[in-house]
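Notes follow once the structure below has been shown.
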Amino acid sequence: MHRIDWRIYEAGHCTHPECATRRGAALASIRYPALAFLLQHRQQGNLLFDTGYSEHFLDATRHLPERLYRAVTPVHLTQEQPLRMQLGRDGVATAAIGRVVISHLHGDHVGGLRDFPGAALTCSRAAWDDLHSRGRIGSLRRGLLPRLLPEDFLDRVSWIEDAPRHDLPAALAGFGAGHDLLGDGSLLAVPLPGHAAGHYGLLFEDPSGTLIFLIADAAWSSQAIRDGVPPPGLVTAWLGDTQTYRDTLQCLHELATTTPAVRILPSHCNEWRSR
Ligand SMILES: [Zn+2]
């Protein structure tokens, strides 16, 4: 199995009360980074996992009713923070990104998608179908901003569900089967249902042999996984399905407890800087 080099980027952040993401937490607002990930595969080149916020997100939420999205979760994005700017400073040109894998279609994950017009896309068909079953308000209510998706999305996309099924390592058996995205078993999409329709994480081995598990929004923080504490049911029901979300979180809690060698990374946790 090919090992994959990777890097984390914080492409803006939002703030909202901690009690919205963790049952019983304080009302005080805390910051939630919007993380995106660069994966470098020796044969298949550069891939991204999600894209964080960008100016496109700010444009898409400038007017009502979409402005409500920003009112609920105020977004902070400096001029230097869009993912394409940070990649450029690291010597990775926009054109050098061959593929963007999308965990799910929430605005803070596809905000920068339009900045990579030459990249192939990998996304869940269930996520796409869900988005297109909703009207403008229905989408917005679920954190979806269809304007962020490029017009040629369908010409560029491969569906995760169509990628060959692939067994997961024994420690992750509770998550079912993965999907082999690159055909060599090096990058597996792992179903993490509950947060949103068609929500997937990624599993791969880094150059040192450590298993890296990018779980997107299956948990809001590493602390929530360690403690097994979900968000309030109102929040998970608003975005997805509460019981399914809690089952997924429980699987993550058990994995973290029994197999601490697996590095599990949520997309909105501040601990990424310190580990
Ligand atoms: Zn989300």
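Where a number appears in this text, it was derived from the coordinates with a stated rule and is not lab data. It should be emphasised that the depicted structure is a prediction, and the values quoted were computed from it without experimental measurement. Note: ideal-geometry Cβ built from the backbone for every residue, glycine included; neighbour counts use all protein chains shown.
What the table below lists for this structure:
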read-out	value
Computed E for D155/V72 - FRET, C-beta separation, R0 35 angstrom, nearest 0.05	0.60
Loop GluC sites (Glu not before Pro), region 1-69, which have at most 14 other Cβ atoms in a 10 Å radius of their Cβ (DSSP)	none
Table column - 3J(HN,Hα) (Hz), region 138-145, Karplus curve with 6.51, -1.76, 1.60, x for Gly and Pro	x, 5, 4, 4, 9, x, 10, 10
Exposure proxy order (Cβ contacts within 10 Å, fewest to most) of H109, H41	H41, H109
For H199, residues with placed amide H under 5 Å, excluding near neighbours	L192, G194
Scattering curve values for region 20-112, log₁₀ I(q)/I(0), Debye with Cα scatterers, q = 0.11, 0.12, 0.13, 0.15 Å⁻¹	-0.39, -0.46, -0.53, -0.67
Calculated from backbone phi, Karplus (6.51, -1.76, 1.60) coupling profile of region 96-113 in Hz, x at Gly/Pro	7, 8, x, 8, 10, 8, 10, 5, 6, 9, 4, x, 7, 10, 10, x, x, 4
Kirkwood-based shape ratio for region 188-275, expressed as Rg/Rh from alpha carbons	0.96
Which of T61, T94 has the fewest Cβ neighbours within 10 Å, and the rest in rising order	T94, T61
At R0 = 25 Å, FRET efficiency that the Cβ-Cβ distance of R7 and H63 yields, to 0.05	0.10
Residues whose placed amide H lies under 5 Å from that of S158, excluding near-sequence neighbours	L121, T122, C123
Region 20-31 - phi-based ³J(HN,Hα) in whole Hz, Karplus 6.51/-1.76/1.60, Gly and Pro as x	7, 10, 8, 4, x, 7, 6, 7, 4, 6, 10, 8
Cα centroid separation - region 1-37 against region 180-240, whole Å	13 Å
Helix-only [θ]222 nm of the chain, DSSP H runs n ≥ 4, -39500 (n - 2.57) each, per residue, nearest 500	-6500 deg cm²/dmol
Enclosed volume per residue, in Å³, of the convex hull spanned by Cα atoms of the chain	122 Å³
Given charges at beta-carbon only (K, R positive; D, E negative), |dipole| of region 80-232 in Debye	540 debye
Estimated dipole of the chain in Debye, rounded to 20 [Cβ of Lys and Arg +1, of Asp and Glu -1, Cα centre]	620 debye
For I4, distant residues with modelled amide H under 5 Å away	E205, D206
